[in-house]
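Please read the structure below before turning to the comments.
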Amino acid sequence: MLDIETIRSEFPALGQNVNGKPLVYLDNAATTQMPVGVLEAVRNYKERFNGNPHRGSHYLSVKATMLLEEARTKVAKFINSPSTKEVVFTKNATEALNLVAYSYGLSSIQSGDEIVICISEHHSNLVPWQRVAGLKGATLRYLYLTEEYEIDLERAKQIINEKTAVLAIAVMSNALGTIYPIEKIVDYAHNQGAVVVIDGAQSVPHLKTDVQKLNADFFVFSGHKLFAPMGIGVLYGKESFLKDMPPFLMGGEMVEYVTEQETSFNELPHKFEAGTPNVEGAVGLGAAIDYLSEIGWEKITEHEKSLTKYALEKLSEVQYLKIIGSKNLEKRGPVISFTLEGCHPHDISTIVDMDGIALRAGHHCAQPLMNYLQLPSTSRVSFSLYNTKEEIDILVESLSKVRGWLGYES
Amino acid sequence: MLDIETIRSEFPALGQNVNGKPLVYLDNAATTQMPVGVLEAVRNYKERFNGNPHRGSHYLSVKATMLLEEARTKVAKFINSPSTKEVVFTKNATEALNLVAYSYGLSSIQSGDEIVICISEHHSNLVPWQRVAGLKGATLRYLYLTEEYEIDLERAKQIINEKTAVLAIAVMSNALGTIYPIEKIVDYAHNQGAVVVIDGAQSVPHLKTDVQKLNADFFVFSGHKLFAPMGIGVLYGKESFLKDMPPFLMGGEMVEYVTEQETSFNELPHKFEAGTPNVEGAVGLGAAIDYLSEIGWEKITEHEKSLTKYALEKLSEVQYLKIIGSKNLEKRGPVISFTLEGCHPHDISTIVDMDGIALRAGHHCAQPLMNYLQLPSTSRVSFSLYNTKEEIDILVESLSKVRGWLGYES
Amino acid sequence: MSLSSLYTELILEHSRNCENKRNLECATCTKRGYNPSCGDDITIELMMEEGKVIDAAFSGDGCAISQASTSMMIDLIKGRTSEEVQKLVQIFLGMIKKEIEKEEDLDLLEEAIAFQNISNMPARVKCAVLAWHTLIQAIEELNPQS
Amino acid sequence: MSLSSLYTELILEHSRNCENKRNLECATCTKRGYNPSCGDDITIELMMEEGKVIDAAFSGDGCAISQASTSMMIDLIKGRTSEEVQKLVQIFLGMIKKEIEKEEDLDLLEEAIAFQNISNMPARVKCAVLAWHTLIQAIEELNPQS
Ligand SMILES: Cc1ncc(COP(=O)(O)O)c(C=O)c1O
Ligand SMILES: Cc1ncc(COP(=O)(O)O)c(C=O)c1O
């Protein structure tokens, strides 16, 4: 079991009061807090090893290069990438998805092709594909959900077909918490000849990731949802794709020869990393991965599952509250959306904030999903390894007073 | 005058030994070290205010939003931007230049147009334009330099003409240290109807920037060369351009309505900021700007000028050393490139590194310039407000031993 | 700012006001306002005659603050001229930014003065001003010269 | 690693070797190698006959380390078969990575053993291996089946 006391003590942000109450941070799907180990790793880098990596032959530049590449190695191991050549640092998951859409999408997708995404995709895995479809005369098609907020595999098989050039899908929805049966869908899509782009932004902090087992052609995630700094993200791509793709951002670091009129490009992964990279972000991400590895997935998953189970039970007891998402623990992660009859999520958020509780209100960057579900917005709580059942009790207590504040009898 | 003792004490990285000698950090054009004030601002953000900005109604999210926008206001003031709408955060100068090339360049440049850049441009302000020219059937033309490494204004007026759609140019060359007479060139280009993109990556740390006085249509720089974290950069663009430009990266934050097949976009500057922004990077940049403002440009410029003058004198006395760049103090900044006869810059760098000196060797991401000058590479020292004349003495002493190490008689 | 001074009876009442939340059959002007950051989405309909607001209504989704603010605004502008409406919007927006000094100006806002201290709750400012921004855009589109 | 063990007389001598730095009139194979990070840029020319290196030379720019390493390599491979050359390159690269245990293997590298400890100077490893990587590419292009 997780030693939750120790863990919490490692996160300085968790110790603070908000509006006079101890912070109850339940917005981890938006961004996570940073443990001391990551804070220190970044600080240590800045105080002792900071330099511009690559092209440097002095001590600090060499150190920065080594630390950047060491972080890349950690990421590769963390997601079980066969090689560090296949790990590209970006600024966030969004840039990584845009890189794939611009570089792979615009060069490979043809008029008449179809791009398939799930209706619950985050805007970052949706708008770039809309654009590619628009520019290339391709069609953007959607996988819709069942009443249980699941993908209907039989219906999916009608949508994904030999016309499907790209399937882009998140392992876990940030708006519903559903974990989709990705491996099956990927398999099916591959059999139809599609290239598969997997958005791991939400799954990476909660489930062990194995890009080879997933058989992802591309896989993306963000550091800041994984206890690492903002400003660092990852694109994993199979070398067989990356090597033939045109570069995306152009500039320093990513070139080989530059003449006045022509340029040849550097090797993988540098071909896709233009400009000075965020070394301290990468170092922080490496430290966050170390932190997670030390705790171990087994304990993390067990703890988060028990929180999710408890929260589902407790929230179900709140009057007028409706959970928007699967109630099947096997099919979901620690992200729970809900509505409270008659109460707008934004008001709920303001009210529970007075009790120190951070939860999110809105469309969760998934407007087409909200439209599909005919909901303007939902409230969302999302747990991380440092949350506790006591915090869920505080949440439930606070939620049960919301309707009162908004003038309802009960 | 600068209180150099105090200043140095504020930079933890400067206090260390490298190869047993006190670090002499002369690679500031590549990246700068961070003062305690910036380190603390970032740390404080992470420990007390970290949240995902925008769309949040809880305390931490609101705080993160406010701090992000406060940083934007500081940047706007720092470069004298008329409005914060015109300040877009990117990950570095390179992304900012690519944003302009992709969004403005690809949508506005026509076949037959000309794009003009200077032969000394950094690859980041060169390769993106090569690409735009290639895709659009435009021609990429160069401004070349005189024997004194200056732009010949008369010749420039032949290159910049009514066909010029874009002039993209750095205020100060990172490879030569030359400061070009930007205002005159910009004026002339504007009169010819060109749009002007200014790369301020090297000038911003050394010269007061006023985008209105420069009359820049676009202006870019990087935080990490300005005592701020890596992973944060800035694009300034006139609202009249930005408002009509298509977005670049697509995803969360930058949208207004998203339906299954169509998307409308958020207001400026958010339209150009997709995904979770690097809030801590922006906070660090804000703190770095505060730090600079407190010292004041007058003192900084005076100090850096006196270092440059001293270095030019002292380096000129080193046998076999040739300075590659203007010797006119009025036409250059604190970045000095040189060659040492018979010695490859990479060997020079290794040798002085043993004396704790960080200098840079290579093509400085300006291969076309090196080719033009018929030099494979140069050595480069670059000063910041925390460098001293004593450090220059150590450099000169170390350089004078280089030829000996490489087996020359003297 | 405490919850009880935010969710006052007056605001809650207006937030559920069904009278102003309806479709105007004979609207002469319709404008949609959207807050992409929190999802408030309202449409304001005006029936103008000879430069006067004869009737006004709204539809759409939003939190209690945005709904109440919209409803109060609609009560306030009925019967006013475009110029009066513009002035009222300026006063309201000025009040939010704490830029209005004169009591008598604030009094002109009638019930909408309830949002005087919303700036102490920065996350909700956008909710309170959405309708007013939308209204001013609608009026500007009607009178492009002004 | 000290400067004196890096810039040994042997290495400095080879770095200025003009004998191996020339153009091969009758090269049967030419390969350019480039290190974008530091700008070393060399071209290796081989004259192969019946699977043997009859002559070899190089041209281009680079630091003392890359020039010396290239020159030593050229001395080493003259008269060898493709297979022998490939084996020598593997041993050299293995040595740099500290993966070669057997003394007698290292001895095969002759003078090039001078770079045995270059990994202690990480910034210079690429300089030392550039020529060898380029050579192996050249050989692989000659014998695509192997
Ligand atoms: C003149 C100039 N432009 C652009 C850049 C690119 O900056 P960054 O690598 O931070 O994107 C640099 C820095 O190397 C530079 O010196
Ligand atoms: C499923 C999913 N995909 C993509 C993203 C985008 O991540 P970022 O904003 O870090 O680019 C998010 C985070 O909001 C997400 O939840």
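Quick one, what does Rg over Rh come out to for the stretch A:4-61 if you take C-alpha atoms and the Kirkwood Rh? Spell out each step's value before the answer.
On the way: Rg = 16.8 Å, Rh = 14.1 Å.
Ratio of gyration radius to Kirkwood radius for the stretch A:4-61: 1.20.
Say R0 is 41 Å: what FRET efficiency, to the nearest 0.05, do C:V125 and A:Q212 get from their beta-carbon distance?
Working: r = 49 Å, r/R0 = 1.19.
According to the calculation, E is roughly 0.25.
Over all directions, how big on average is the projection of the convex hull of the alpha-carbon atoms in the stretch A:130-273, in square nanometres? Before the final figure, lay out the partial values.
Values: hull surface 43.0 nm².
For the Cα atoms of the stretch A:130-273, the hull's average projected area reads 10.8 nm².
Using a simple spin-label model with points 7 Å from Cα along the Cα→Cβ vector, what separation in nm is obtained for D:E25 and C:D107?
About 10.9 nm, to one decimal.
I want to make sure I understand the PRE zone here: with the label point 7 angstrom from the Cα of A:E239 toward its beta carbon, which residues in the stretch A:174-198 have backbone N atoms less than 11 Å away?
Answer for the stretch A:174-198: none.
Could you put A:R43, C:R80 in order, starting from the residue whose Cβ has the fewest other Cβ atoms within 10 Å?
On the way: A:R43 19, C:R80 16.
With the sparsest Cβ surroundings first, the list reads C:R80, A:R43.
Please report, in cubic angstrom per residue, the volume enclosed by the convex hull of the alpha-carbon atoms of the stretch D:7-81.
On the way: hull volume 6.1 nm³, N = 75.
Cα-based convex hull of the stretch D:7-81, divided per residue, equals 81 Å³.
Run the simple label-point estimate for D:E84 and C:K98 please: 7 Å along Cα→C-beta, distance reported in nm.
8.7 nm
Could you rank the peptides B:107-115, D:117-125 by their average count of other C-beta atoms within 10 Å per residue, with the highest value first?
D:117-125, B:107-115
Project the alpha carbons of the stretch C:3-142 onto their principal axes and report the range along each, largest first, in whole Å.
Ordered largest first, the stretch C:3-142 gives principal extents of 39, 32, 26 Å.
Would you mind pulling out the separation of the Cα centroids of the stretch B:270-285 and the stretch C:73-146, in Å?
The stretch B:270-285 and the stretch C:73-146 have Cα centres spaced 31 Å from each other.
Counting only other chains, and only Cβ atoms inside 10 Å, what mean value do you get across the residues of A:399-405?
Details: counts 0, 0, 1, 1, 0, 1, 6.
Other-chain Cβ atoms within 10 Å of each residue's Cβ, averaged: 1.
List the residues whose amide H sits under 5 Å from the amide H of B:V255, counting only those 5 or more places along or on another chain, with H placed 1.01 Å from N in the peptide plane.
Amide H neighbours of B:V255, under 5 Å, 5+ apart: B:N266.
For an R0 of 22 angstrom, estimate the FRET efficiency from the Cβ-Cβ distance between B:S107 and A:S108 and round to the nearest 0.05.
The calculated FRET efficiency here is 0.50.
Using packing as a proxy for protection, rank A:66-74, C:21-29 so that the peptide with the highest average count of other Cβ atoms within 10 Å comes first. Mind dumping the intermediate values first?
Details: A:66-74: 19.6, C:21-29: 13.8.
Going from most to least packed, we get A:66-74, C:21-29.
Can you give the angle from 0 to 90° between the axis of helix B:59-78 and the longest principal axis of chain B, with both taken from C-alpha atoms, to the nearest 10?
Once rounded, one gets 60 degrees.
Distance in nm between label sites at B:R48 and A:Q319, each 7 Å beyond Cα in the beta-carbon direction?
Computed distance between label sites B:R48 and A:Q319 equals 4.1 nm.
What percent antiparallel are the DSSP beta bridges of chain B, to the nearest 5?
Numbers: 27 of 47 bridges.
Around 55 percent antiparallel, to the nearest 5.
List the pair-distance distribution P(r) of the stretch A:290-348, using every Cα-Cα distance, as the percent of pairs falling in each 5 Å bin from 0 up to the bin containing the longest distance, rounded to whole percents.
Histogram of Cα-Cα distances, whole percents per bin: 4, 16, 23, 18, 15, 10, 7, 5, 1.
Inter-copy label distances at A:N328, 7 Å along the Cα→beta-carbon direction, one decimal in nm, shortest first?
For A:N328, the inter-copy label distances come out at 7.7 nm.
Taking R0 as 51 Å, what's the FRET efficiency between D:N143 and B:Y372 from their Cβ-Cβ distance, rounded to 0.05? Could you put the intermediate results ahead of the total?
Details: r = 40 Å, r/R0 = 0.78.
FRET efficiency, D:N143 to B:Y372: 0.80.
Size of the dipole of the stretch D:1-100 about the Cα centre, Lys and Arg at +1 and Asp and Glu at -1 on the beta carbon, nothing else charged, in debye to 20? Could you put the intermediate results ahead of the total?
Values: 11 positive and 15 negative charges, 51 e Å.
Using only the charged Cβ atoms, the result is roughly 240 debye.
If you average the alpha carbon positions of the stretch B:210-249 and of the stretch B:291-363, how far apart do those two centres end up, in angstrom?
Centre-to-centre (Cα) distance: 28 Å.
Report, in debye and to the nearest 20, how large the dipole of the protein assembly as shown comes out about its Cα centre when Lys and Arg carry +1 and Asp and Glu carry -1 on their Cβ. Write down the numbers at each step before the final one.
Numbers: 104 positive and 148 negative charges, 11 e Å.
That gives a dipole near 60 debye.
Compute the helix-to-body angle for C:82-96: its Cα long axis versus the longest principal axis of chain C, expressed 0 to 90° and rounded to tens.
Roughly 20 degrees, rounded to the nearest 10.
If you take each beta carbon of peptide D:81-92 and count the beta carbons of other chains within 10 angstrom, what is the mean? List each step's numbers first, then the result.
Numbers: counts 0, 0, 0, 0, 0, 0, 0, 0, 0, 0, 0, 0.
Across D:81-92, the average partner-chain Cβ count within 10 Å equals 0.
May I ask you to evaluate 6.51 cos²θ - 1.76 cosθ + 1.60, the Karplus curve with θ = phi - 60°, for each residue of the stretch A:39-44 and list the ³J(HN,Hα) values in order in whole Hz, giving x for glycine and proline?
Couplings: 4, 5, 4, 5, 4, 4 Hz.
If I take all pairs of Cα atoms in the protein assembly as shown, what percentage of them are more than 51 Å from each other?
Value for the protein assembly as shown (Cα pairs over 51 Å): 27 percent.
Once the dipole of the stretch A:187-337 is set up with Lys and Arg at +1 and Asp and Glu at -1 on Cβ about the Cα centre, which of A:S306, A:F227, A:A216 lies farthest towards its positive end?
A:S306
Please compute the length gained on full extension between B:Q16 and B:T301, using 0.36 nm multiplied by the number of residues separating them and subtracting their Cα-Cα distance.
In short, 100.0 nm is gained.
What is the mean number of Cβ atoms from other protein chains located within 10 Å of the Cβ atom of each residue in peptide A:292-304, rounded to a whole number? Can you show the working numbers first?
Details: counts 0, 0, 0, 0, 0, 0, 0, 0, 0, 0, 0, 0, 0.
Mean partner shielding for this stretch: 0.
Give the value in nm², to one decimal: projected area of the alpha carbon convex hull of the stretch A:39-293, averaged over all directions.
Values: hull surface 55.9 nm².
Mean projected area of the Cα convex hull: 14.0 nm².
Report Rg(Cα)/(2.2 N^0.38 Å) for the stretch B:110-167, keeping two decimals. Before the final figure, lay out the partial values.
Values: Rg = 11.5 Å, N = 58, 2.2 N^0.38 = 10.3 Å.
Ratio of Cα Rg to 2.2 N^0.38 Å: 1.12.
Pull up the cross-link candidates among the lysines for C:K78, meaning alpha carbon to alpha carbon under 22 Å and not fewer than 8 places away within one chain.
Of all the lysines, those that pass the test against C:K78 - Cα under 22 Å, at least 8 places apart if same chain - are C:K21, C:K31, C:K52, C:K87.
Note down the relative contact order for chain A as a percent, whole number, built from C-alpha pairs under 8 angstrom at least six residues apart. All intermediate terms of the calculation are to be shown ahead of the outcome.
Values: 795 pairs, mean separation 91.2, N = 410.
This gives 22 percent for chain A.
Just so you know, all these numbers are worked out from the coordinates, no wet-lab data involved. Note that the coordinates shown come from a computational prediction; the quantities given were computed from them, not determined experimentally. All Cβ positions, even for glycine, are placed from backbone atoms using ideal geometry, and neighbour counts span all protein chains on display.
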